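Reviewing the structure listed below.
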Amino acid sequence: MRLAFLPLLIIALFAPTERPEGASGEAAVTLIRAGTLLDGRSGPPRHDQAIVVRGQRIEAVGDASSTRVPAGAAIIDLSSSTVLPGLVDSHTHVFLQGEDPKEGGYDAQLLMAPLALRAVRAAVSARRALEQGFTTIRDVETEGAGYGDVGIKEAIEKGYIPGPRMLVVTRAISTTGGYPLEGYAPEVDVPKGAQLVDGPVEARKAAREQLDHGADWIKVYMTHRSWVDAKGGLVSQPTLTVEELKAIVDEAHGWQRKVACHAYGGEGLHRALDGGCDSIEHGLDLDDAAVAQMVRQGTWYCPTLGVYYEGWAPEGTPAGRRDRKRAEVHGPSFQKALKAGVRIVFGTDVGGFSWSEPIAAEFSRMVELGMSPAAALRSATSVPAEMLGLAGQVGVVAPGAYADVVAVRGDPLKDVKELERVGFVMKDGVTFKNELAKPGP
Ligand SMILES: [Zn+2]
């Protein structure tokens, strides 16, 4: 492999002395050698590439043999690795930790944990995302931690803690009877994991508050409880009315922001689509009409498959039947959407399960259900970039994009599990993790 870079090496050694770089304040320059480059778009893999990074952006990408090493460039040799754009998880919860029911579960987070403790744990979660190669996340609500996500995002942007680029939704919105905590005596006031609204006026006001306090997206719960009915079908309780959702969507779109709707199926799912939501989260039980409407309206689909295959309640209990039914209908829904050409983005719901588990395990679920590894990879790179309004900025290795670059040892197009073993992570041009690169010359 090293031979392939001989011309580049020679250029590096014999490049004429140039005006010294690095007069203080000038952007650092790095050259990354990529054995194979998957640039996040639809083209074929390219071999023996060189990526020039200046400051926080990618300046140039080209054949290693014809790319001139900029004067003063640090060299990162990934010539034995597959290099790809930083990954995007479009459905995370840094303020959840896969709460163990034995330790009080979700309720204990809201009732017992001081906000500072939750914030510190969220910072650890953010770091975990970055370690695993996820350089951008859409974090879809703080679960009772208010506007904490805006603070975590700011701490990352200001360099106090390492973490991915974050798009945050703050508190999320549901209705009375539409979100935990629940099951307590009616006389006891308990905190809720989302902002509850009733009526279009309250709905619009909640959206305004959240946007005012820094929400990049609005997240709405369009279904809540679910169960298996007498006919054996999965039923989900709808929450907001179309009228309520339309007030939120209208407000968010006015701010040029988008609305993500948690919706499993049935009435709540159809209200989400009729109300004009931009992305369907989970979408466990998509009927044909919903799929057709999603194609027509260009609705994004963030299926979060893996989380529904674990942590089932005991068999034979109502909750156990529900959990098994959810997994049973989810796969066919995903396949229907895939076949129809719905725009699918990679999302995991991590936080709903522990941040110590591999986030990239979701890729295997998508591929098992018929998505090609290349398409699965695009669902976590250039496709969500478009959804997030960051096309050309993230999710691609191309000139002008942020220098968010990761690498794995093997070929993820042959085995997507390679993505569970990210060994190199650069974000904004700064190397965060490097277990792959050989030392530069
Ligand atoms: Zn979620």
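Figures for the structure shown
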{"item": "Simple spin-label estimate for Thr176 and Tyr106 in nanometres, 7 Å along Cα-Cβ", "result": "2.1"}
{"item": "D (Stokes-Einstein, µm²/s), Kirkwood Cα radius, region 287-336, 1.306 mPa s at 10 °C", "result": "130"}
{"item": "Ratio Rg/Rh [Cα only; Rh per Kirkwood] for the chain", "result": "1.01"}
{"item": "Relative packing of peptides 98-108, 261-271, 234-244 - highest average C-beta neighbours within 10 Å first", "result": "261-271, 234-244, 98-108"}
{"item": "19 Å Cα-Cα threshold exceeded, pairs from Lys205/Lys258; Lys258/Lys339; Lys102/Lys219", "result": "Lys258/Lys339; Lys102/Lys219"}
{"item": "Percent carbon-and-sulfur accessible area, region 87-387, ignoring ligands, DNA and RNA, probe 1.4 Å", "result": "53"}
{"item": "Potential lengthening between Ile161 and Ser65 on full extension [0.36 nm per residue; Cα-Cα distance subtracted]", "result": "30.8 nm"}
{"item": "Nearest-0.05 FRET efficiency for Ser356 and Asp250, computed from C-beta distance (R0 45 Å)", "result": "0.65"}
{"item": "Prolate/oblate/rounded call for region 165-277, Cα gyration tensor, a/c under 1.5 rounded", "result": "oblate"}
{"item": "Nearest-0.05 FRET efficiency for Ser42 and Glu243, computed from C-beta distance (R0 60 Å)", "result": "0.90"}
{"item": "Accessible area per residue, Å², the chain with all protein chains present, probe 1.4 Å", "result": "41"}
{"item": "Among beta bridges that DSSP assigns inside region 87-387, antiparallel share in %, nearest 5", "result": "15"}
{"item": "Packing-based ranking, highest mean first, of 215-224, 411-420, 249-258 given that Cβ atoms within 10 Å are counted", "result": "215-224, 411-420, 249-258"}
{"item": "Top of Phe334, Phe353, Phe95 by mean-square fluctuation, Gaussian network on the chain, Cα under 10 Å", "result": "Phe353"}
{"item": "Sum of -39500 (n - 2.57) over DSSP H runs of 4+, divided by residues of the chain (222 nm, nearest 500)", "result": "-9000 deg cm²/dmol"}
{"item": "Euclidean distance between Cα centres, region 145-186 to region 290-331, Å", "result": "23"}
{"item": "Contour minus Cα-Cα distance for Lys339 and Ala185 (0.36 nm per residue)", "result": "50.7 nm"}
{"item": "Residues of region 35-50 with amide N under 18 Å of a point placed 7 Å along Cα→Cβ from Asp411", "result": "35-49"}
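The values are calculated or read from the model by the stated rules, or taken from the named source; none is laboratory data. Keep in mind that this is a model prediction, so the values were computed, not measured. Quick reminder, even Gly has a Cβ in these numbers, built from the backbone with ideal geometry, and neighbours come from all protein chains shown. What goes into the accessible areas is simple: the full protein's heavy atoms, side chains included, and nothing from ligands, DNA or RNA. Shrake-Rupley method; radii C 1.70, N 1.55, O 1.52, S 1.80 Å.
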